[in-house]
Amino acid sequence: MTDSFKDELSEAGAWKVALGILVIISGMLAAATPIFTFISAMYFIAIMVLAAGVFAIIRMFQDDGAGRKFLDLILGVLSIAVAILMFQSPDIATATLALWVAIWLIVRGITELIWAFQMSVGRAMLILTGIVDLFLGIILLSMNDVDAVAVLGFYVAISLIFWGVSLIFQGALLRDVSRTHSSET
């Protein structure tokens with residue numbers, strides 16, 4: 001393994017850890033949304049979904065393989081589109097917010113599961129994250145509008161926290177691989 005490749009692995013790992021920390025912080029902030037009024041909570045969730053979309057687009061440039069890049073692009077564009085819709089029409093967004101977030105969670109879950117089976121390391125955490133997102137999305141779809149809106153902030157928070165932990169785990173694995181190969185040479 002060349003020194004430049006080891007450095008790239010280490011740098012990619014550091015980026016994943018940093019993004020993971022930011023996503024976890026976003027998740028913890030999303031968990032606080034029930035304190036705010038309904039409209040401010042909707043805007044807050046829109047900001048979190050927008051951040052998730054931006055993180056997915058950033059991750060697209062770090063991933064190898066056209067399939068992974070395409071999945072990151074789809075997830076990023078979908079997340080950003082949902083956030084823009086929420087900002088442009090808060091009155092309509094409050095009525096359809098749970099549906100959009102449920103779709104976002106299901107797409108995230110499926111994407112994470114697909115990524116998991118393309119990875120050689122860190123697969124278990126990606127599978128767990130994918131299953132959690134799928135579960136949350138399906139449960140959200142099955143709820144009535146009032147109940148769905150009541151738990152929305154918490155569901156987004158749970159998703160973001162699992163995603164952040166998964167990113168940190170992947171980043172730590174990448175950095176460990178680069179260090180292990182550095183000490184062998």
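The values are calculated or read from the model by the stated rules, or taken from the named source; none is laboratory data. As the structure is a prediction and not an experimental result, all values here were calculated from the model. In this analysis, Cβ positions are derived from the backbone assuming ideal geometry, glycine residues included, and neighbour counts consider all displayed protein chains. Keep in mind that these areas ignore ligands, DNA and RNA; they rest on the heavy atoms of the full protein, side chains included. Shrake-Rupley method; radii C 1.70, N 1.55, O 1.52, S 1.80 Å.
One table, with the values for the structure above:
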{"quantity": "Cross-chain or 6+ apart pairs with Cβ under 8 Å, the range 68-95 first and on the phi < 0 side of the Ramachandran plot and among the polar types (S, T, N, Q), then at pLDDT below 80 and open to solvent by 50 Å² or more (accessible area, probe 1.4 Å)", "calculated": "Thr94/Phe38; Thr94/Ile39"}
{"quantity": "The listed residue being assigned to a helix (DSSP H, G or I) and surrounded by fewer than 19 Cβ atoms within 10 Å (Cβ to Cβ), out of Ile161, Ile139, Ile168", "calculated": "Ile139"}
{"quantity": "Answer from Trp100, Trp115 - the residue that is among the aromatic types (Phe, Trp, Tyr), closer than 16 Å to Ala52 by Cβ, open to solvent by less than 70 Å² (accessible area, probe 1.4 Å) and free of Cβ contacts under 8 Å to residues at least 60 places away in the same chain", "calculated": "Trp115"}
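Per-residue answers, yes or no, for (1) modelled with pLDDT of 90 or more; (2) under 18 Å from the mean Cα position of the chain (by Cα):
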| position | (1), (2) |
| --- | --- |
| Thr94 | no, no |
| Leu105 | yes, yes |
| Leu136 | yes, yes |
| Val146 | no, no |
| Gly164 | no, yes |
